[in-house]
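The values are calculated or read from the model by the stated rules, or taken from the named source; none is laboratory data. What you see is a predicted model, and the numbers here were worked out from it, not measured in a lab. No Cβ is skipped: glycine too gets one built from the backbone with ideal geometry, and neighbour counts run over all protein chains shown.
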Amino acid sequence: MTYDVHIIGGGLAGSEAAWQLARRGFKVRLSEMRGTGERSPAHQGDGLAELVCSNSFRSDDHEKNAVGLLHEEMRRCDSLIMSAAGKAQVPAGSALAVDRDVFSAEVEARLAALPNLDIVRERIDVLPEAGTTIVATGPLTAEALAHSIGAATGADSLAFFDAIAPIVYRDTIDMDVCWMASRWDKGETKDYINCPMDKDQYLAFHQALLDGEKTAFKEWEANTPYFDGCMPIEVMAERGVETLRFGPMKPVGLDNPHWATEEHPKGRWAYAVVQLRQDNKLGTLWNMVGFQTKLKHAEQVRLFRTIPGLENAEFARLGGLHRNTFLNSPVLLDRQLRLKSAPHVRFAGQITGCEGYVESAAVGMMAGLMTATELAGREWQAPPRTTALGALLSHITGDAEADSYQPMNVNFGLFPPLHEVKKKQRKEAYTERAKEDIAPWLASLSPA
Ligand SMILES: Cc1cc2nc3c(=O)[nH]c(=O)nc-3n(C[C@H](O)[C@H](O)[C@H](O)COP(=O)(O)OP(=O)(O)OC[C@H]3O[C@@H](n4cnc5c(N)ncnc54)[C@H](O)[C@@H]3O)c2cc1C
């Protein structure tokens, strides 16, 4: 079969791009290296759209949160990733969290049902010299292709670290010590397992993190920065004794019923809390929220078993650390995510420098829509900057003005941290305006 588009990489972005194109009638080849015996250091299976770390798509609140707004806009574009997430949803308060296996299987099944899409298990080592191509190989692009991209761009790619959080078997958590609750009782159910620490336990744990044996840095790694949203707990611990208590171990809004008294019948707040969030639909696996780490594996087991309630914890997966690569998009790509030096090649997903599952999928979706518009001989209109999609795209391509990306309260490196954005500006940005502005843009898309 001859193809209209070759998509390289069947992760979140590549799967979404393939969906947008194939359901518009274009012939698509989707090349995914997993399934050939090859995997990135973070992927664990061979399914399309595998979530490599947390199982959360973050806030689903489209009234108050920019990521929630992005969810909403993607749903309006008939996003495969959002609809599969809906099918695979597990309880997580106001966040959208999924069973990763159900999610990946749903994405794969929906794509496999499209007659004009071929999913081919193959590793691509060289950037195609001709033909409409979308590269969505992610932050862990296989080495040969990464070199080929490097040769084509002539520019150094940037590198940073990401770390993976551990996953615990539910039946090894001591619920006589831990309890189920959502912070401030948000959400209809009590979605998190909470492990309480008193002050002495917290201080001892903090010290142990500082003393714990870590994976050694190689020379080239020493100056590579972390993205803030994926900072390992031991690095956070190094920033100060209170940092974790204001981060992943925040105790506020969590009444511990095991510590109830006559004066506090609902329970009292602990000095610090470790939270676990459901990771699979069955509820047998729970991940330690914000506990990404580069501690050595044996050290993780020893140290995490000192957390109250996790004394007998068995780990389905331990934390890890990886070096990621992404393009200098504002310099190398045009406003339609095409490589300036080879415009038949478009990039999508985290390799463009965006960060997060939802953002990667959103960029994949837009790359698919751009390609569909181009192939249909129509003129592409960018989504307005007042929308979450427009803000994301503007920022990736370096077209952002100060206020255009403020609604994006994503806490990863390329976006301003939440605390730097004034509440009032955020609220203004989340108004109905974005939802009104997206409507004419949706009408401009090439028909499905
Ligand atoms: C370790 C780690 C942890 C992360 N944790 C989180 C998190 O908790 N929450 C969050 O929101 N985001 C997280 N991210 C960030 C990001 O959102 C994810 O990496 C996301 O999966 C990116 O989507 P993508 O489609 O761009 O890439 P991926 O989902 O990685 O997909 C790329 C695909 O391309 C394939 N591939 C690579 N090279 C080739 C080749 N040469 N030929 C063929 N196929 C190839 C890969 O096998 C993979 O399936 C994490 C990233 C990493 C690396």
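Got a sec? Which of 355, 359 is near the ligand (Cβ under 10 Å from one of its atoms), within 26 Å of residue 57 (Cβ to Cβ), at pLDDT below 90 and in the same structural domain as residue 53 (by TED's automatic domain parsing)? Give the derivation first.
Working: 359 fails: at pLDDT below 90.
So the residue among 355, 359 that is near the ligand (Cβ under 10 Å from one of its atoms), within 26 Å of residue 57 (Cβ to Cβ), at pLDDT below 90 and in the same structural domain as residue 53 (by TED's automatic domain parsing) is 355.
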Segment 342-366 residues that are closer than 18 Å to residue 24 by Cβ and assigned to a strand (DSSP E or B), paired with ones that are of a type outside the set (A, V, I, L, M, F, W, C) and more than 7 Å from the ligand (Cβ to nearest atom) (beta carbon under 9 Å, 6 or more apart):
346/132; 346/133; 346/336; 346/338; 346/371; 346/374
Just a yes or no: is a residue in segment 98-107 in contact with a Gly (Cβ under 6 Å, 6 or more places away or on another chain), assigned to a helix (DSSP H, G or I) and within 16 Å of the ligand (Cβ to nearest atom)?
yes
Could you list all residues from segment 53-65 that are without any contact (Cβ under 8 Å) to a residue 60 or more places away in the chain and under 15 Å from the mean Cα position of the chain (by Cα)?
59, 60
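Can you name the residue in segment 235-276 that is part of a helix (DSSP H, G or I) and within 16 Å of the ligand (Cβ to nearest atom) and is also modelled with the highest pLDDT among such residues?
From segment 235-276, those part of a helix (DSSP H, G or I) are 235-238, 244-246, 257-259; that's our starting set.
Filter again for within 16 Å of the ligand (Cβ to nearest atom), leaving 235-236.
Details: 235: 89, 236: 92.
Across segment 235-276, the extreme among qualifying residues is 236.
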Which of the residues spanning segment 14-46 are in a loop (DSSP other than H, G, I, E, B) and near the ligand (Cβ under 7 Å from one of its atoms)?
33, 34, 39, 40, 42, 43
Looking for whichever is under 18 Å from the mean Cα position of the chain (by Cα), near the ligand (Cβ under 7 Å from one of its atoms) and either surrounded by 24 or more Cβ atoms within 10 Å (Cβ to Cβ) or within 25 Å of residue 445 (Cα to Cα) (or both) here; the options are 68, 11. Which one fits?
11
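One line per residue, one yes/no per condition, for (1) farther than 30 Å from residue 342 by Cβ; (2) assigned to a helix (DSSP H, G or I); (3) at pLDDT 90 or above; (4) in contact with a Ser or Thr (Cβ under 9 Å, 6 or more places away or on another chain):
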position: 141; (1), (2), (3), (4): no, no, yes, yes
position: 159; (1), (2), (3), (4): no, no, no, yes
position: 163; (1), (2), (3), (4): yes, no, no, yes
position: 174; (1), (2), (3), (4): yes, no, yes, no
position: 187; (1), (2), (3), (4): yes, no, no, yes
position: 194; (1), (2), (3), (4): yes, no, yes, no
position: 202; (1), (2), (3), (4): yes, yes, yes, no
position: 216; (1), (2), (3), (4): yes, no, no, no
Hey, among 16, 50, 32, which residue is more than 21 Å from residue 324 (Cα to Cα) and in contact (Cβ under 8 Å) with a residue 12 or more places away in the chain?
16
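Among 70, 48, 80, which is the only one that is farther than 26 Å from residue 344 by Cβ and assigned by TED's automatic domain parsing to the domain that holds residue 371? Walk me through how you get there before you give the answer.
On the way: 48 fails: farther than 26 Å from residue 344 by Cβ; 80 fails: farther than 26 Å from residue 344 by Cβ.
Within the list 70, 48, 80, the selection yields 70.
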Quickly run through segment 281-295 and pick out the residues that are away from the ligand (no atom under 15 Å from the Cβ) and out of contact with any strand residue (DSSP E or B) (no Cβ under 7 Å at 6 or more places or on another chain).
282, 283
Working carefully through the options 383, 343, 330, 407, find the one that is at pLDDT 80 or above, surrounded by 24 or more Cβ atoms within 10 Å (Cβ to Cβ) and away from the ligand (no atom under 16 Å from the Cβ).
383
